[in-house]
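Before any comments, here is the structure.
The values are calculated or read from the model by the stated rules, or taken from the named source; none is laboratory data. All values reported here derive from a predicted model rather than from experimental measurement. Using ideal geometry, Cβ is built from the backbone for each residue, glycine included, and neighbour counts are taken over all protein chains shown.
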Amino acid sequence: MKQHTIKFPHTDHAPAILPEGANLAENLSIVNSPMLFGCRSGICGTCLVHIELGYERLIPPSDNEREALEIYAPDNPRARLACQISLVADISLIKIESV
């Protein structure tokens, strides 16, 4: 099975290696990443991230995620809700702290 690496620059967290198609909310926690997940359904914004590398290779956000991003990060074209990402590429992400 193909695997992908998630890097967390500017943190002490080691990169996470997950299988292709893995949902980040099901595989990341505060123990192995800087991520906090609240609702896990894409509406609370707790897991808002900036995709530093690999954004263009991810599956585009759904209409619902896009609506949430317009509220939580209207000026960040590389923002995503980590709970909505299914891993299909290596990525580097930075947690956006202010929601």
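Pick out the one residue from PRO77, PRO61 that is modelled with pLDDT of 95 or more, in a loop (DSSP other than H, G, I, E, B) and buried (at least 16 other Cβ atoms within 10 Å of the Cβ).
Matching residue, one of PRO77, PRO61: PRO61.
When the residues of region 11-26 are filtered to those that are in a helix (DSSP H, G or I) and touching a residue at least 12 places away in the same chain (Cβ under 8 Å), which remaining residue is surrounded by the most Cβ atoms within 10 Å (Cβ to Cβ)?
By that ranking, first place goes to LEU24.
Using the structure shown, decide if MET35 is modelled with pLDDT under 95 and either under 11 Å from the mean Cα position of the chain (by Cα) or part of a strand (DSSP E or B) (or both).
Yes.
Of all residues being of a type outside the set (S, T, N, Q) and in a helix (DSSP H, G or I) in region 80-97, which is nearest to LYS7 (Cα to Cα)? Just the residue, please.
That would be ALA82.
Which number in (1) on the phi < 0 side of the Ramachandran plot; (2) in contact with a helix residue (DSSP H, G or I) (Cβ under 9 Å, 6 or more places away or on another chain) marks the one condition that ARG40 misses?
ARG40 satisfies all of (1) on the phi < 0 side of the Ramachandran plot; (2) in contact with a helix residue (DSSP H, G or I) (Cβ under 9 Å, 6 or more places away or on another chain) except (1).
Report, by residue number, each residue of region 47-58 that is in a helix (DSSP H, G or I) and either over 18 Å from SER92 (Cβ atoms) or not hydroxyl-bearing (Ser, Thr, Tyr) (or both).
GLU56, ARG57
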